[in-house]
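Colleague: One structure follows; several queries about it will come next.
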Amino acid sequence: MKYLPAMVLGLLAVVLSSVAYSFAASYSPLLSYLIAVEGLNSNSPEWLLVILQDSAITLLISGTMVFIYRRLLSQFPFNWLAIILMQLPLSLLVISMNGLPIDFANLYELSKSLPTLINAIAIVMIYAVFKLIDNKQATINSGS
C-alpha cells in the first residue's frame, strides 16, 4: 500500500501526457511551420524542433510528477522502487503504442525514436537528477 501513490501518479502522468500530446498536435504552431517549410526532407534541421517539443512535454510532466511525489507525498518512500512503479505505466503505454524504435539513420527517424526513448525513461531520469542534487547538497552541508 505504501507504493500505491507512486502508481497513481504514474497513471496520472500517462493521462497528462496523452492530453498534452493531443493539444500539442492540434494547437502547436510547429505543425504549421513544418508544413510551410520549403524542401523539408528527412535530414532537415527542423526535425530538431520536434525532438525539443516532444522531449520538453515529457520532461515537464515527469518532473512535475516526481516533484509532487517528493514534496507533497513525503510520507511515502522516495526510492528506486517507487520511481520504477511510477515510470511503469508511461513506459508500457509508450512501448505498446510506438514499439521501441531505435532507428537513428536521419533526423526524421531520430525525431520519432528519441522522444519515445525519453518517454520510456523520463521519470527515472528526473529521479536520478534529484538524487544527484541531494548528494551534492549532502556533500556541501557536510563541509567536504
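The values are calculated or read from the model by the stated rules, or taken from the named source; none is laboratory data. Only a predicted model underlies this, so the values are computations on that prediction, with no experimental measurement involved. All Cβ positions, even for glycine, are placed from backbone atoms using ideal geometry, and neighbour counts span all protein chains on display. The area values use the complete protein model at the heavy-atom level, side chains included, leaving out ligands, DNA and RNA. Shrake-Rupley method; radii C 1.70, N 1.55, O 1.52, S 1.80 Å.
Colleague: Can you tell me which of Ile140, Ile84 is among the aliphatic types (A, V, I, L, M) and modelled with pLDDT of 90 or more?
Modeller: Unique residue meeting the criteria: Ile84.
Colleague: Follow-up question, since we're still on this one. Quickly run through the range 93-104 and pick out the residues that are over 24 Å from Phe67 (Cα atoms) and either open to solvent by 80 Å² or more (accessible area, probe 1.4 Å) or part of a helix (DSSP H, G or I) (or both). Quick ask: steps written out before the conclusion?
Modeller: We begin by selecting, within the range 93-104, every residue over 24 Å from Phe67 (Cα atoms); these are 95-104.
Scanning the range 93-104 gives Ile95, Ser96, Met97, Asn98, Leu100, Ile102, Phe104.
Colleague: Same structure, new question: So which residues in the range 2-47 are within 26 Å of Phe67 (Cβ to Cβ) and among the aromatic types (Phe, Trp, Tyr), if there are any at all?
Modeller: Tyr3, Tyr21, Phe23, Tyr27 - these are the residues of the range 2-47 that are within 26 Å of Phe67 (Cβ to Cβ) and among the aromatic types (Phe, Trp, Tyr).
Colleague: Quick test for you: out of Leu110, Leu90, Leu114, pick the one residue that is more than 12 Å from the chain's Cα centre (by Cα) and either surrounded by 16 or more Cβ atoms within 10 Å (Cβ to Cβ) or of a type outside the set (Phe, Trp, Tyr) (or both).
Modeller: Step by step, each of Leu110, Leu90, Leu114 is checked, and only Leu110 is more than 12 Å from the chain's Cα centre (by Cα) and either surrounded by 16 or more Cβ atoms within 10 Å (Cβ to Cβ) or of a type outside the set (Phe, Trp, Tyr) (or both).
Colleague: Under 16 Å from the mean Cα position of the chain (by Cα), of a type in the set (A, V, I, L, M, F, W, C) and open to solvent by 30 Å² or more (accessible area, probe 1.4 Å): is that true of Leu81 in this structure? So that I can check it myself, show each step before the final result.
Modeller: Working: under 16 Å from the mean Cα position of the chain (by Cα): no; of a type in the set (A, V, I, L, M, F, W, C): yes; open to solvent by 30 Å² or more (accessible area, probe 1.4 Å): yes.
When the stated conditions are applied, Leu81 does not pass them.
Colleague: Give the residues of the range 27-59 that are within 21 Å of Ile118 (Cα to Cα) and of a type in the set (Val, Ile, Thr), sorted by residue number.
Modeller: Passing the criteria: Val50, Ile51, Ile57, Thr58.
Colleague: Same structure again: Kindly indicate the residue of the range 20-71 that is in contact (Cβ under 8 Å) with a residue 12 or more places away in the chain and among the acidic types (Asp, Glu) and also surrounded by the fewest Cβ atoms within 10 Å (Cβ to Cβ) among those meeting that condition.
Modeller: Glu46
Colleague: Which residue pairs have Cβ atoms under 8 Å apart, sit 6 or more places apart or on different chains, and have a first residue in the range 120-139 that is more than 14 Å from Phe78 (Cα to Cα) and a second that is outside any helix (DSSP H, G or I)?
Modeller: Ala120/Leu100
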